[in-house]
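The values are calculated or read from the model by the stated rules, or taken from the named source; none is laboratory data. Everything quoted here is computed from the prediction, not taken from an experiment. In this analysis, Cβ positions are derived from the backbone assuming ideal geometry, glycine residues included, and neighbour counts consider all displayed protein chains. Remember, those area values only see protein heavy atoms, side chains included, never the ligands or the DNA or RNA. Shrake-Rupley method; radii C 1.70, N 1.55, O 1.52, S 1.80 Å.
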Amino acid sequence: MSALTSTALPTLTDELKRKMESREARIGIVGMGYVVLPLALLFSNERFRVTGFDIAPDKVEKLNAGGSYIVRILPESIREAQKAGFRATADYSEVAAMDAIVICVPTPLNEYHEPDLSYVTGTVESIAPFLREGQLVVLESTTYPGTTEEIVVPALERGNKAGLKVSRQREEAGIHVAFSPEREDPGNDTVARHDIPKVVGGCGPVALEVASAMYGSIFRRVIPVSSPSVAEMTKLLENIYRCVNIALVNELKQLCMRMGIDIHEVIDAARTKPFGFQPFYPGPGLGGHCIPIDPFYLSWKAKQFDFRTRFIELAGEVNTAMPYFVLDQIAAGLNEHSKSIKGSKILVLGLAYKRDIDDLRESPSLTILELLRERGAQVSYNDPYFPSVGRGRHYDLNMTNTPLEDLGNFDAVVIVTDHTSYDYAAIVDQSQLIIDTRNATKGIQNAKILHC
Ligand SMILES: NC(=O)c1ccc[n+]([C@@H]2O[C@H](COP(=O)([O-])OP(=O)(O)OC[C@H]3O[C@@H](n4cnc5c(N)ncnc54)[C@H](O)[C@@H]3O)[C@@H](O)[C@H]2O)c1
């Protein structure tokens, strides 16, 4: 018998666990985005009947037609899941038919750089009326410690038509609530999704047991922790660790450049140490929905405890300054050719915030394009993943993809995202000046390349 198994569970809970283990449980997944659509497919692959909930009608329609809107998810995978019963809906009344509901909706920052939990509260308020006794609700969105207990639980209890409470004790009836962070790294194929251990914290022992049973049927390893807050904080620690280390290496890169030392050579040498060092790589700044945002969820919460998270603030400062540093390097490179940014034709290679993905949220490319345009450059971009780019929360570009040809016509080509589909040797060969922010041209010796 495992440490998580009890001999005296209420019948409904026994039944729910049995359904999880036998894959009879119906799983509802809310927010069919970058990270949980793959999770929905993982449940489907394991023969669970999955219903995907999303408020975006175009996504629901596309999924039900057997299509995909995420490049790395092939339509065939959606059609395969459909054979196992997968379908999408925008109708929350279907929540009543689920055994478990997993929520993974966006958690951005608002215009004041504070947590915007409106997607989470909106979702919880939408599902609450339809919840019935014995169901499991798990939040997976990244957020500050305390969100599940302070925001999700009260909203579920307030909104439930039947007046159900969240169950805390073993014999207590009600809804089971847990938090389990989403640790997916889109575009990273080195670790299979089911091999990423699943951290789970429950509001009470039964919530932890059923959530662990559910995740244990698709993930190889479940890591139970003592509370939802521990699970919430675990995810933030992971992302803050990355954010701070990237800032450190971005700062050291700037120093190394002044000292005439190649930071990449330094990192390659340092990573040979078999313990106590993990390599991080410098770049043009941070992007994506996680690393530039999540640390500030904690900074905000820390203020409630009269605490200043100085590492997070400093790392944020260094990382957000990187696109400006790149701009200075472009100016310096053009200067060597007796040119200025104003009036120069500049091509930015790569819009996505990282290699080989179709996600441009918070991408430093967007800032670099805007800065170049403000300085009077004639800017263009190329990215195989984005035929066009319009307007977003922090940018207004309205541009279309420029084909990778006649590179010699550009005064400078700036590599911001190192997609693997690019032929860097040919790009260097055809260009007048290359500004490489990713070390994508490693190994190519050519005086046209300015590494930064
Ligand atoms: N993208 C990543 O790399 C990553 C990795 C780990 C964790 N996360 C976390 O996962 C969460 C989701 O991120 P994402 O990148 O998948 O977001 P996303 O924007 O790709 O997807 C979110 C989906 O939720 C839907 N949605 C919004 N409000 C809804 C509502 N009330 N009801 C139903 N659907 C709703 C949207 O239409 C969208 O399809 C965030 O908290 C993020 O921090 C993201």
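3J(HN,Hα) couplings calculated from phi for region 345-350 with the Karplus curve 6.51 cos²θ - 1.76 cosθ + 1.60 (θ = phi - 60°) are, in sequence order, 8, 10, 10, 9, 9, x Hz; Gly and Pro show x. What does the charge add up to near Ala425, with Lys and Arg as +1, Asp and Glu as -1, over the other residues with Cβ less than 14 Å from its Cβ? Cβ neighbours under 14 Å give a net charge of -2. How large is the translational diffusion coefficient of region 343-452 in µm² per second when you combine the Kirkwood radius over alpha carbon pairs with Stokes-Einstein at 25 °C and 0.890 mPa s? Reported coefficient: 177 µm²/s.
Note on the chain: antiparallel DSSP beta bridges, both residues inside, total approximately 15 percent of the bridges counted. Treat the chain as a sphere of radius equal to its Kirkwood radius over Cα pairs and apply Stokes-Einstein at 37 °C in a medium of 0.692 mPa s; give the translational diffusion coefficient in µm²/s, rounded to a whole number. In µm²/s, the coefficient is 138. Relative contact order, whole percent, for the chain stands at 11, derived from Cα pairs under 8 Å and 6 or more residues apart. In this structure, the residue pairs whose Cα-Cα separation is over 29 Å, taken from Lys17/Lys301; Lys17/Lys235; Lys62/Lys165; Lys17/Lys62; Lys19/Lys198, are Lys17/Lys301; Lys62/Lys165; Lys17/Lys62. For region 11-226, the share of accessible area belonging to carbon and sulfur comes to 51 percent (1.4 Å probe, ligands and nucleic acids excluded).
Based on the reciprocal of the average 1/r between different C-alpha atoms, the Kirkwood radius for region 242-451 equals 18.0 Å. Using only side-chain charges placed at the Cβ, +1 for Lys and Arg and -1 for Asp and Glu, the dipole size of region 242-451 relative to its Cα centre rounds to 580 debye. Considering only alpha-carbon pairs that sit under 8 angstrom and 6 or more positions apart, the relative contact order computed for region 11-226 is 19 percent. Here region 322-400 is treated as a Stokes sphere of Kirkwood radius computed over C-alpha pairs; at 20 °C and 1.002 mPa s its diffusion coefficient rounds to 166 µm²/s.
For region 112-217, what value does the Rg/Rh ratio take when both radii are computed over Cα atoms and Rh is the Kirkwood radius, given to two decimals?
Taking Rh as the inverse mean 1/r over Cα pairs, Rg/Rh reads 1.00.
Residues of the chain were split at every exposed loop site, defined as GluC sites (Glu not before Pro) in a DSSP loop with at most 15 other C-beta atoms within 10 angstrom, and the longest piece left, sites excluded, is 173-404. Summary of the geometry: region 147-199 and region 409-452, compared by the centres of their Cα atoms, lie 45 Å apart. Along each principal axis, taking the top coordinate minus the bottom one, the Cα set of region 11-226 gives 46, 44, 33 Å in descending order.
Shown here: region 221-336, whose C-alpha atoms stretch 58, 35, 24 Å along the first, second and third principal axes, sorted largest to smallest. For the chain, the solvent-accessible area of protein heavy atoms averages 46 Å² per residue (probe radius 1.4 Å; ligands and nucleic acids excluded). For region 242-451, the fraction of 1.4 Å probe accessible surface lying on carbon and sulfur atoms is 51 percent.
Note on region 242-451: antiparallel DSSP beta bridges, both residues inside, total approximately 15 percent of the bridges counted.
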